[in-house]
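K.L.:
Below is a structure I'd like to ask you about.
The values are calculated or read from the model by the stated rules, or taken from the named source; none is laboratory data. Since this is a predicted model, take the numbers as computed values, not measurements. Please note: Cβ atoms are built from the backbone with ideal geometry, for glycine as well, and neighbour counts cover all protein chains shown. Please note that ligands, DNA and RNA were not included when accessible areas were found on the heavy atoms of the full protein model with its side chains. Shrake-Rupley method; radii C 1.70, N 1.55, O 1.52, S 1.80 Å.
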Amino acid sequence: LVGAMAPIAGAEVLSLDGPWEIVFDPANEGREARWFEDEVFTGLDTRRDITVPSAWELIEEDYEGVAFYRKAFDVPAVWKDRVVRLQFGAVNYICEVWLNGEAVGVHEGGFTPFEFRVDRVLKAGEANVLLLRVVGPIFFGDKKVDGIGKLETPQWRGGITGGVWQSVRLAATGPVYVEDVFLKSDLDGSVELEVELNHTGIEGTEAAVAFTIVARDEPSRVVTSFEETVDLRPGNNQQAWTTLIPDARPWSPDDPFLYEGRLTVEVGDGSSDEWTHRFGLREFTIEDKGFVLNGAPIYLKAAFFEGLYPNGIAYPDSEEMARKEIRLAKEAGFNMIRPWRRPPVPWWLDLADEMGVLVVGSPALECMALPLSTPYLPGRVENEIRQSVLRDRNRTSVVQWELFNELHRPILMQMMRPMALMTRDLDPTRLILDESGGWAYG
């Protein structure tokens, strides 16, 4: 879900960040005792305050296992006839969701976004209650939770990072919303859009789609645009357009010039949804066994980056701290950062785009014999790779995918080729390193 936590200027957005309640469930008794019911949860005397986003270790050191979260919030009455999606930046590791007493859905994977449509169970103009059951990763404890044991889930080794550690929000749109956009650009200024529009009605409709590109340093000056009316059938609709930026200016670490694309969708007399994204024009490839950026040879100087923070653990303590670490890397002579085996938080990549540093994209798969082998491992590996690529394939700073690291096991070695081919299918625009350590001769 590329667009799950992307900027939504046209949609009405309600942030659910801030104070929540949490109850830790070390005995894993909460589901059977129905802690996901509001009257049961609010009757528990073990409720504590927690801030979302944050890792739950900030209030319960080294906790492993299950916790229940609760958030009460009001929704504007004007949302009554809107399509509403509940969107999570990342919850580690399994997240079960109930809204106003109704079961909504479940997601597995601790480092990538997900969302659920909830307008049928949302109460517009009234108070609402969101309850989550979160199963966190197990690093040290000799126990199993929901069939998952110690070191059996794809994880980053820098910290436990359990719980709702990235943002949560509601997004309200009209009947047609932007499900996904894959933006592919070339140095010559051509920009190709692969757009997936979700039409939630039961009959076909017309939609007016407009795409505008402005230069980030002159947001009032439109450099190119187009408009088109499309016929949409109910459900997902695939569309593709190409436009050209005149006098295109490339992006590089020395000159991280960015454009901003804005896609709007109108149905009937009003706006239905909008998608915006910052991007640059660059080409990173290999020629004659050398790396080439924008047609010129480049000597890569890459910094290994754990991304471990004093308080936020996997989440930067502040924008100032994140800016400083990128600035220090560039001042030390580095032009590339390799985040160690997990996708950075999205706004860290915003800074990488803006400040001009090449980034190695990698999913939360440490390998080196971790996660431990179970029959579920291949499916979890594929899930992490797929969701990580879909989340960040529009990022200008991300110039290659690093899928595995120092493989030891035959099943994962065997997965290198199909995972590289899957990644190529999802993103034909970037280099792919199937295994960074060289152990499996990928």
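K.L.:
Note the listed values (1) 21.9; (2) 51.3; (3) 20.7, then indicate which one is mean projected area of the Cα convex hull in nm² calculated from this particular structure.
P.N.:
Only one option fits the structure, namely (1).
K.L.:
Could I have the simple spin-label model distance between ARG424 and GLU227, label points 7 Å from Cα toward Cβ, reported in nm to one decimal?
P.N.:
About 4.2 nm separates the two model spin labels.
K.L.:
Could you sort HIS408, HIS107 by accessible area so the largest value comes first, with the probe set to 1.4 Å?
P.N.:
Numbers: HIS408 85, HIS107 20 Å².
Output order, biggest surface exposure first: HIS408, HIS107.
K.L.:
What distance in nm lies between label points placed 7 Å from Cα along the C-beta direction at LEU300 and GLU12?
P.N.:
Output for this residue pair reads 4.7 nm.
K.L.:
I would also like to ask the following. Ordering GLU126, GLU12, GLU406 by how much accessible area each has at a 1.4 Å probe, largest first, what is the list? Intermediate values should be presented prior to the final figure.
P.N.:
Numbers: GLU126 100, GLU12 70, GLU406 50 Å².
Reading off the accessible areas and sorting them downward yields GLU126, GLU12, GLU406.
K.L.:
Next question, about the same structure. Could you state the accessible area per residue of the range 20-110 in Å², with a 1.4 Å probe and every protein chain left in place? Don't jump to the answer; show the numbers that get you there.
P.N.:
Numbers: 3980 Å² over 91 residues.
Accessible area per residue, the range 20-110: 44 Å².
K.L.:
Under a crude label model (7 Å from the Cα following the beta-carbon direction), how far is ASN28 from ASP247 in nanometres?
P.N.:
6.4
K.L.:
Which order do the peptides 376-385, 215-224 take when ranked by the mean count of other beta-carbon atoms within 10 Å per residue, highest first?
P.N.:
Values: 376-385: 18.5, 215-224: 12.1.
In descending order of packing, they fall as 376-385, 215-224.
K.L.:
Compare the peptides 289-295, 118-124 by average per-residue count of other Cβ atoms within 10 angstrom and give them in order, highest first. Before the final figure, lay out the partial values.
P.N.:
Values: 289-295: 13.1, 118-124: 17.0.
Taking the mean over residues of other Cβ atoms within 10 Å, the ranking is 118-124, 289-295.
K.L.:
Same structure, new question: Can you send over the carbon and sulfur percentage of the accessible area for the chain, probe radius 1.4 Å, protein chains only? Kindly include the intermediate steps, with their values, before the conclusion.
P.N.:
Working: 9370 of 19000 Å².
Here carbon and sulfur together make up 49 percent of the probe-accessible area.
K.L.:
Measure up LYS150/LYS301; LYS123/LYS184; LYS80/LYS144; LYS71/LYS144; LYS184/LYS330; LYS71/LYS184 against 31 Å on the Cα-Cα distance and list the ones that go over. Let's see the in-between values first.
P.N.:
Values: LYS150/LYS301 36 Å; LYS123/LYS184 39 Å; LYS80/LYS144 42 Å; LYS71/LYS144 28 Å; LYS184/LYS330 26 Å; LYS71/LYS184 38 Å.
Over 31 Å apart, Cα to Cα: LYS150/LYS301; LYS123/LYS184; LYS80/LYS144; LYS71/LYS184.
K.L.:
In terms of modelled amide H atoms, which long-range or inter-chain residues lie less than 5 Å from the amide H of GLU366?
P.N.:
Amide H neighbours of GLU366, under 5 Å, 5+ apart: GLN155.
K.L.:
For the chain, what's the relative contact order in percent, using C-alpha pairs closer than 8 Å and at least 6 residues apart? Write out the running numbers ahead of the final one.
P.N.:
Values: 1046 pairs, mean separation 64.8, N = 442.
15 percent.
K.L.:
Another one. Near LYS289, which aspartates and glutamates are there with a Cα under 20 Å away, not counting those fewer than 8 places off in the same chain?
P.N.:
Result set, ordered by chain and number: GLU402, ASP434, GLU435.
K.L.:
Test of understanding: extend the Cα→C-beta vector of LEU431 to 7 Å, then name every residue of the range 323-347 with backbone N under 15 Å from that spot.
P.N.:
Counting backbone N atoms under 15 Å from the label point, the list is 335-339.
K.L.:
Using the beta-carbon distance between ILE286 and GLU194 and R0 = 22 Å, what value does 1/(1 + (r/R0)^6) give for FRET efficiency, to the nearest 0.05? If you can, show how the numbers build up before the last one.
P.N.:
Working: r = 25 Å, r/R0 = 1.13.
For ILE286 and GLU194, the calculated efficiency is 0.30.
K.L.:
State in Å² the accessible area per residue of the range 225-374; use a 1.4 Å probe, count heavy atoms of protein chains only, and round to the nearest integer.
P.N.:
47
K.L.:
Put +1 on the Cβ of each Lys and Arg and -1 on the Cβ of each Asp and Glu in the chain; which of PRO339, PRO76, PHE116 then has its Cα farthest toward the positive end of the dipole?
P.N.:
Looking along the dipole axis, the top candidate is PRO339.
K.L.:
Next question. How large is the helix-only mean residue ellipticity at 222 nm for the chain, computed as the sum of -39500 (n - 2.57) over DSSP H runs with n ≥ 4, divided by its residue count, in deg cm²/dmol to the nearest 500?
P.N.:
Mean residue ellipticity, 222 nm, calculated: -4000 deg cm²/dmol.
K.L.:
Beta carbons within 10 angstrom, averaged per residue: use that to sort the peptides 36-49, 356-369, highest first. Walk me through the numbers before you get to the answer.
P.N.:
Numbers: 36-49: 12.9, 356-369: 22.9.
By packing density, highest mean first, the sequence is 356-369, 36-49.
K.L.:
Any chance you could run the full-extension gain for ASP146 through GLU319? It's 0.36 nm times the residue separation minus the Cα-Cα distance, nm to one decimal. Before the final figure, lay out each step's value.
P.N.:
Details: separation 173, 0.36 × 173 = 62.28 nm, distance 3.64 nm.
Working it through step by step, the gained length comes to 58.6 nm.
K.L.:
Could you state the number of Å between the C-alpha centres of the range 161-184 and the range 373-423?
P.N.:
When both Cα centres are located, 22 Å separates them.
K.L.:
Could you size up the charge dipole of the chain around its Cα centre, putting +1 on the beta carbon of Lys and Arg and -1 on that of Asp and Glu, and report it in debye to the nearest 20?
P.N.:
860
K.L.:
Relative contact order of the range 97-176: what whole-number percent is it, with Cα pairs under 8 angstrom and at least 6 residues apart? Walk me through the intermediate numbers first.
P.N.:
On the way: 59 pairs, mean separation 19.5, N = 80.
Relative CO of the range 97-176 lands at 24 percent.
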